There are 2 protein chains.
Amino acid sequence: MRAEFVNPFLASLMNVLKTMASMDLKPQKPRIKKDEIARGDVSGLIGMVAPQSKGSMSITFDEQLALQIMQNMLGERPNSINEEVTDMVGEITNMVTGGAKRILSESGFEFSMATPMVVSGKGHTITHKCDGAIIIMPFTSEWGNAFIEICFEQQRLETRDLYGLPNNVK
Amino acid sequence: MRAEFVNPFLASLMNVLKTMASMDLKPQKPRIKKDEIARGDVSGLIGMVAPQSKGSMSITFDEQLALQIMQNMLGERPNSINEEVTDMVGEITNMVTGGAKRILSESGFEFSMATPMVVSGKGHTITHKCDGAIIIMPFTSEWGNAFIEICFEQQRLETRDLYGLPNNVK
């Protein structure tokens, strides 16, 4: 995975939370995920497809951080992860990916987004099953932590690419 | 979501588990997911992108069922969900989606798959955030239950589609 793919997602999450929830997360240094396990309570996940690459991205929040984002955005704080919270996490996932897509498009890397999914469950973990380095970006706040995890892999070139035929996403 | 999208995923999961693990799951009737909450312990999730549609699919297993599939496939049964189990669930997710893709391609519906992700965590739930009906397909077995959930949405037609320009996935 190319390193320049990472910063647009980091910048986009910071921007979305600043704009929507007046919240400043503190980004830690992005790193390649090895044995590290990132646990969280609610996560947004999305698949991405490019002409010669595909991948996936997840954003995982501690419950208290997700509830605080709700409170900052809507002025109401649910007692636990409910459907409004999972809707918000799905929306954040779409906005962060859409923001990164616009930035990456300016450097000539285009990809299509699938629809987001949201996982809810105390202390769950996510593994991106992707032939490529998984980058993990931790964020801290006074309400808890968040993590972005992202992976892109190169697809095998297919015969039609080699012969110069139209290179639609297959 | 078109109903004919559902059966290829159902048939493909049955076929993968029969072939790889000599296991016969009992499929229940597919239905539109309303208030129902499907909990499980390990899930494979994948995003899908088509020229004018996008969506997501998940397969969720009870822990004991996932461990039994491992035992049938590899002759060894881990005590709990470990990396070998999440690798297997990611692989099943890829195979089921790839099988459905081949069947749907024969009816003229082409889509591209993102890379799979696997969630591990006792009793987690998944919500597909997709503008369209979510279809849930429950499966039972003597070791526990599995669920496929799937959603496809139609994308807004873009100007270039209306003017007949090449309709690449954007």
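The values are calculated or read from the model by the stated rules, or taken from the named source; none is laboratory data. What you see is a predicted model; the values in this text were computed from it and never measured. Cβ atoms come from the backbone with ideal geometry, glycine included; neighbour counts cover every protein chain shown. Side chains included, ligands, DNA and RNA excluded: accessible areas come from the protein's heavy atoms. Shrake-Rupley method; radii C 1.70, N 1.55, O 1.52, S 1.80 Å.
To the nearest 500 deg cm²/dmol, what mean residue ellipticity at 222 nm is calculated for chain B from DSSP H runs of n ≥ 4 alone, each contributing -39,500 (n - 2.57), summed and divided by the residues?
Calculated from helices alone, the mean residue ellipticity at 222 nm is -10500 deg cm²/dmol.
Given a 10 angstrom Cα cut-off, can you work out which residue in A:146, A:21, A:66 is the most mobile in a GNM of chain A?
Top of the fluctuation ranking is A:21.
If you roll a 1.4 Å probe over the heavy atoms of the protein chains, what accessible area per residue do you get for the stretch A:3-151, in Å²? Could the numbers behind the result be given before it?
On the way: 6070 Å² over 149 residues.
Roughly 41 Å² per residue, with all protein chains present.
With no solvent and one point on each alpha carbon, what is the Debye value of log10 I(q)/I(0) for chain A at q = 0.12, 0.15, 0.16 Å⁻¹?
Debye output, listed in q order: -0.53, -0.80, -0.90.
What part of the accessible area of the protein assembly as shown, given as a whole %, is carbon or sulfur when the probe is 1.4 angstrom? Provide the component values of the computation, followed by the final result.
Numbers: 7470 of 15600 Å².
The value for the protein assembly as shown is 48 percent carbon and sulfur by accessible area.
What is the residue of chain A with the smallest Cβ distance to the axis taking A onto B, and what is that distance in whole Å?
It is A:47, 1, counting Cβ atoms only.
What is the helix-to-structure angle for A:6-21, meaning the angle in degrees between its Cα long axis and the longest Cα principal axis of chain A, kept from 0 to 90 and rounded to the nearest 10?
Roughly 30 degrees, rounded to the nearest 10.
When the Karplus curve 6.51 cos²θ - 1.76 cosθ + 1.60 is applied with θ = phi - 60°, which whole-Hz ³J(HN,Hα) does each residue of the stretch A:44-51 get, with x for Gly and Pro?
x, 10, 8, x, 9, 10, 10, x
Amide H neighbours of residue A:33 under 5 Å, at least 5 residues apart or on other chains, H built in the peptide plane: list them.
The answer is A:134, A:135, A:136.
Explain nothing, just compute: Karplus ³J(HN,Hα) = 6.51 cos²θ - 1.76 cosθ + 1.60, θ = phi - 60°, for every residue of the stretch B:140-154 in order, whole Hz, x for Gly and Pro.
10, 7, 5, 9, x, 10, 9, 9, 9, 10, 8, 8, 10, 10, 7
Ignoring ligands, DNA and RNA, how do B:127, A:60 rank by accessible area with a 1.4 Å probe, largest first?
B:127, A:60
Rounded to the nearest 0.05, what FRET efficiency do residue B:133 and residue A:131 give with R0 = 25 Å and r taken as the Cβ-Cβ distance? Could you check?
According to the calculation, E is roughly 0.15.
Can you list the copy-to-copy distances for residue A:108, using a point 7 angstrom from Cα toward Cβ, in nanometres, shortest first?
In nanometres, ordered from closest: 3.8.
Provide Rg over Rh for the protein assembly as shown; use the alpha carbon set for both Rg and the Kirkwood Rh (inverse mean inverse pair distance).
Taking Rg over the Kirkwood Rh, I get 0.95.
Grab the beta carbon distance between residue A:34 and residue A:11, set R0 = 25 Å, and tell me the FRET efficiency rounded to 0.05.
0.55
Residues of A:48-55, mean number of Cβ from any other protein chain within 10 Å of their own Cβ, rounded to a whole number? Walk me through the intermediate numbers first.
Numbers: counts 4, 11, 4, 3, 0, 1, 6, 3.
Mean partner-chain Cβ count within 10 Å for A:48-55: 4.
Which residue fluctuates the most in chain A, going by a Gaussian network model with Cα springs under 10 Å, if the choices are A:148, A:32, A:136?
A:32
Could you state the angle between the C-alpha long axis of helix A:83-106 and the longest principal axis of the C-alpha atoms of chain A, as a value from 0 to 90 degrees rounded to the nearest 10?
With both axes taken from Cα atoms, the answer is about 40 degrees.
Which whole number gives the average, over all residues in B:59-70, of C-beta atoms from other chains lying within 10 Å of the residue C-beta? Display every interim value, and only then the final one.
On the way: counts 0, 0, 0, 0, 0, 0, 0, 0, 0, 0, 0, 0.
Mean shielding by partner chains, rounded to a whole number: 0.
Which residue fluctuates most in the GNM of chain A (Cα springs below 10 Å): A:153, A:36, A:76?
Between A:153, A:36, A:76, it is A:36 that shows the largest mean-square fluctuation.
Determine the distance separating the Cα centre of the stretch B:55-103 from the Cα centre of the stretch A:1-65; give it in Å without decimals.
25
Taking R0 as 35 Å, what's the FRET efficiency between residue A:24 and residue A:154 from their Cβ-Cβ distance, rounded to 0.05?
0.50
Just counting partner chain Cβ atoms within 10 Å, what average do the residues of peptide B:36-47 show around their Cβ?
4
Using a 1.4 Å probe, how large is the accessible area of residue A:122, given in Å² and rounded to the nearest 10?
The accessible area comes out at roughly 150 Å².
Let me check against my output: what whole-number percent is the relative contact order of chain B, with C-alpha pairs under 8 Å and at least 6 apart?
Contact order relative to length: 36 percent.
Short version: ³J(HN,Hα) in whole Hz for each residue of the stretch A:22-37, in order, from phi by Karplus 6.51 cos²θ - 1.76 cosθ + 1.60 (θ = phi - 60°), x for Gly and Pro, what are they?
So the J values, rounded to whole Hz, are 6, 10, 9, 7, 9, x, 9, 5, x, 8, 6, 6, 10, 8, 3, 10.
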